[in-house]
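Structure first, commentary second.
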Amino acid sequence: MSDKEHIWIPKLKQQLADKKIDRREFVRYASLLGMSSGTAYMWAGKITGEPLAPPAMAAEMPKGGVLKIAQRIPKIDNPHTFSWVYDSNVVRQVCGYLTRTGVDNVTRPHLCEKWEASEDLKTWTLHIRKDAKWHKGDDFTAEHAAWNIKHCLDPKVGSSVVGLMKGYMLKEIDTRTKDD
């Protein structure tokens with residue numbers, strides 16, 4: 001970056017000061033001559049004494065009245081049935097997961113301290129952290145984790161993740177019945 005400016009820039013500054021060109025023309029020509037738009041706006045403000053944008057002034061606030069706010073309020077009662085990222089994001093603030101996948105796409109332990117897979121990858125052993133607790137202080141155990149996984153795979157629950165998990169967690173049997 002050079003601290004030298006194009007030979008026409010001082011002439012443009014003088015023309016703006018003499019009101020021979022307006023602010024918009026100054027910014028346009030200065031930008032065409034290699035000055036950044038931000039710098040051109042800054043110089044235009046210094047030369048004309050005008051701010052980049054006029055300050056916003058709040059109007060006098062009326063007293064009384066009714067304020068109406070609308071928002072979708074999802075039913076957040078069973079994490080196994082969530083179908084929107086919104087629901088999961090709400091629960092993610094207060095609930096723990098067995099693992100967490102980072103922005104680098106690496107899955108790391110969270111409520112699990114580690115896990116081990118059998119050689120055929122059909123059996124996984126999850127080791128739950130000793131300090132993992134429920135919100136009321138009770139220990140979170142491997143039995144709780146197993147119950148959650150089984151609950152989410154139960155067809156009666158209607159889990160939104162069963163489609164993701166059934167390929168490696170369930171043995172599919174065609175019952176010749178279809179849901180609604």
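Of note:
- GNM result for the chain, Cα springs below 10 Å: residue of PRO62, PRO109, PRO155 fluctuating most strongly: PRO62
- Axis angle, to the nearest 10 degrees, between helix 142-153 and the longest C-alpha principal axis of the chain: 80 degrees.
- Axis of helix 37-48 versus longest Cα principal axis of the chain: the two differ by about 40°, to the nearest ten degrees.
- Exposure proxy ranking, count of Cβ atoms within 10 Å, fewest first, for ILE7, ILE69, ILE21: ILE69, ILE7, ILE21
- Label point distance in nm, ASP131-TYR97, each placed 7 Å from Cα along Cα→Cβ: 2.1
- Here the calculated FRET efficiency for TRP84 and THR39, from their Cβ-Cβ distance with R0 = 45 Å, stands at 0.50, rounded to the nearest 0.05.
- Packing rank of 30-38, 47-55, 94-102, where each peptide gets the mean count of other beta carbons within 10 Å, highest leading: 30-38, 94-102, 47-55
- Long-range amide H partners of LYS133 with built H, under 5 Å: PHE140
- Computed from the C-beta positions of GLU25 and ALA56 and an R0 of 25 Å, the FRET efficiency is 0.45 to the nearest 0.05.
- ARG176-LEU153 FRET efficiency (beta carbon distance; Förster radius 22 Å; 0.05 resolution): 0.60
- Only lysines eight or more places from LYS4 in sequence, or on another chain, were considered; those with a Cα closer than 27 Å are LYS13, LYS19, LYS20, LYS46.
- Exposed loop sites here are GluC sites (Glu not before Pro) assigned a DSSP state other than H, G, I, E or B and surrounded by at most 12 other beta carbons within 10 Å; excluding them, the longest clear run of the chain is 1-59.
- Largest mean-square fluctuation among LYS166, LYS114, LYS63, in a Gaussian network model of the chain whose springs join Cα atoms under 10 Å apart, belongs to LYS63.
- Taken over the range 112-166, lysine pairs spaced eight or more positions apart, or on distinct chains, with alpha carbons under 19 Å apart number 7.
- Structure-derived Cα Rg over 2.2 N^0.38 Å: which label, when the choices are (1) 1.99; (2) 1.17; (3) 1.13: (1)
- Value of [θ]222 nm, deg cm²/dmol, for the chain, DSSP H segments ≥ 4, -39500 (n - 2.57) each, nearest 500: -9500 deg cm²/dmol
- Gaussian network model of the chain, Cα within-10 Å springs - most flexible of ASP138, ASP22, ASP87: ASP22
Every read-out reported here was derived from the displayed coordinates using simple, explicitly stated rules and does not represent laboratory data. What you see is a predicted model; the values in this text were computed from it and never measured. Backbone-built Cβ (ideal geometry, glycine too); neighbour counts: all protein chains shown.
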